[in-house]
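This report refers to the structure that appears directly beneath it.
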Amino acid sequence: MSRHDYKFRPNPKWEDGFFVPPAPFPMPKPLDEWSKMDVFDSIIAMSRNPINATTKASMTEEDVMSDALGQTVVVVTSPEAIRHIFIENAANYGMHPVRQSILKPALKDGLIAAEGEIWRKARRALSPIFTPRHIGEFPEPMRRVTKAMLPDVFPDGQVIEADEAFLKLAYGVLSETLFSGEIDGNLDDALKDIATFMNVLGKPDPLDLIEAPKWLPRLTKIGSGRAIARMRAQVRDVSNLRRCRIEAGDDVPQDFLTLLLTTKTDDGANLSDDQVEDQIMTFIGAGHETTSRALTWLSYLLSQDKNARARFEAEIDSLDRALPVQDWVNHLPFAMACFNEGMRLYPPAPLISRMALSDDEIDGKMIPKGATTFINLWSLHRHRAHWDRPDAFDPDRFLAERGKAIGRFDYLPFGVGHRVCIGQRFALQEAAVMMAVVFKTIRLNWIDDQPHPWPLMRITTRPEKTLRMRVEQR
């Protein structure tokens, strides 16, 4: 075959005692050698699954530059370039139009999609909400909801769809921490709307990739507007009711919604209804799938590596449950190493893109105005120059001296620079609590009569097909 066969799927394997899950082969041909047919193939492959368009050079070389797609594209992998683009000269790199065409219709001026002064004001207003003091209030509700939902979501002895189970559990936790469970509606209906919402955020339409005019209909997004409208209506209703209760002086839950409604902007005003709505939609978009997908991948990896699972379960079992729940994350070093290794292999937010607003230079390479620069976390987290056994599941790489040796810009599951994920601490707390509760009670065993999961890059990295596992009571 003359062109890269992105449909070929290797089997999982063991190398030197380490489990290596199946993953796409990177495209061997350098971008500068692509023909027009290669470019066409890559656009189709990228719209189906952007991981398919990962090149070998982006996993072996530093800062790969090409004009093959009709404009300058730089895949950023070196610490120097990442620091320059995302920290030192971040003002020269704005949100990419393709990214914004995907995010803006759903998130509007939420923190992920906002730019310029709108983003700066929102970030300053929201930063006090994500302090350790406030985040420390949420692990106990996380524990309580996880424990309450566990029997229904993970019924003993049953074969379940693990990815759907973790999505449902994560939504329960998110609903409690956002709204104290006060949002109306059927859980299954809400999850369907969220699934549609997340597909809109994560899947680029081929017309988006070629920056076609906005008036051309995106066939892949037909029907998504209704799901987003229903979600916004629910958020608006619960927000309006809570605001009325606050203004009346009633006792209200101290959840994220109350914190949003009572935080102040630079001029001392409260956030508007639209601002609150946009931020909550962003929290749902950023906070629902990331932890649930990471736990799904972790469950798969542990089901294959029995030695790692034994160590993981022993640590979970030995956790002192008398400790304050917010401290659990600090007493689960191997479990958190497993979680981090899962996020390395399957990045929760796999692409970070920017566009150069004016000419620039990085390490002697000219970056013209309009150039696309992006970090592909899939290739960065598996880069041959940064990682030993880059494709293998090796949680110990995050412990002790090996963990300290990981470069600041080699592992970026929550982004980098001024726009690093504001909810990072919340996500790690949530993961620790959910792991400690779920895996103290059950074990998820792999069902052999199914293909091993194939990574699909959307707004998160998810399994292409559902993951069936059998629940075993421990």
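Bear in mind that the values in this text are calculations on the coordinates, not laboratory data. Remember, predicted model here, so these are calculated numbers, not experimental data. Note that we place each Cβ from the backbone using ideal geometry, even for glycine, and neighbour counts take in every protein chain shown.
Between residue 67 and residue 25, what length comes free when the chain is fully extended (0.36 nm per residue of separation minus the Cα-Cα distance, one decimal in nm)? Please list the in-between numbers first.
Values: separation 42, 0.36 × 42 = 15.12 nm, distance 2.25 nm.
Here the segment from residue 67 to residue 25 would lengthen by 12.9 nm.
Express in nm, to one decimal, how much length is gained between residue 323 and residue 189 on full extension, taking 0.36 nm for each residue of separation and deducting their alpha carbon distance. Could you put the intermediate results ahead of the total?
Details: separation 134, 0.36 × 134 = 48.24 nm, distance 3.67 nm.
Additional length available on full extension: 44.6 nm.
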field: Nearest-0.05 FRET efficiency for residue 148 and residue 331, computed from C-beta distance (R0 25 Å)
entry: 0.60
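Quick one: net charge around residue 82, please, counting Lys, Arg +1 and Asp, Glu -1 for every other residue with C-beta under 15 Å from its C-beta. Spell out each step's value before the answer.
Working: positive: 83, 354, 365, 408, 419; negative: 61, 62, 63, 80, 88, 360, 363, 410.
Here the count lands on -3.
If you restrict to DSSP beta bridges whose two residues both lie in the chain, what percentage is antiparallel, to the nearest 5? Write down the numbers at each step before the final one.
Details: 30 of 34 bridges.
Among the beta bridges of the chain, antiparallel pairing accounts for roughly 90 percent.
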- request: Could you tell me which label, among (i) 76, 58, 44; (ii) 88, 64, 50; (iii) 64, 55, 43, carries the value of Cα extents along the principal axes in Å calculated for this structure?
  value: (iii)
statement: Ordering 324-330, 465-471 by per-residue average of other C-beta atoms within 10 angstrom, highest first, gives 465-471, 324-330
query: What residues of the stretch 297-326 lie in the reach of a label at residue 18, counting those whose backbone N is under 15 Å from a point 7 Å from the Cα along Cα→Cβ?
result: 305, 308
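Taking R0 as 41 Å, what FRET efficiency do you get between residue 244 and residue 446 from their Cβ-Cβ distance, rounded to the nearest 0.05? Walk me through the numbers before you get to the answer.
Working: r = 50 Å, r/R0 = 1.22.
With R0 = 41 Å, the Cβ-Cβ based efficiency is 0.25.
With respect to the cross-link table entries 192/214; 104/440; 369/404; 108/404; 264/440; 29/104, which display a Cα-Cα separation exceeding 32 Å?
Numbers: 192/214 26 Å; 104/440 40 Å; 369/404 37 Å; 108/404 39 Å; 264/440 41 Å; 29/104 34 Å.
Among 192/214; 104/440; 369/404; 108/404; 264/440; 29/104, the Cα-Cα distance tops 32 Å for 104/440; 369/404; 108/404; 264/440; 29/104.
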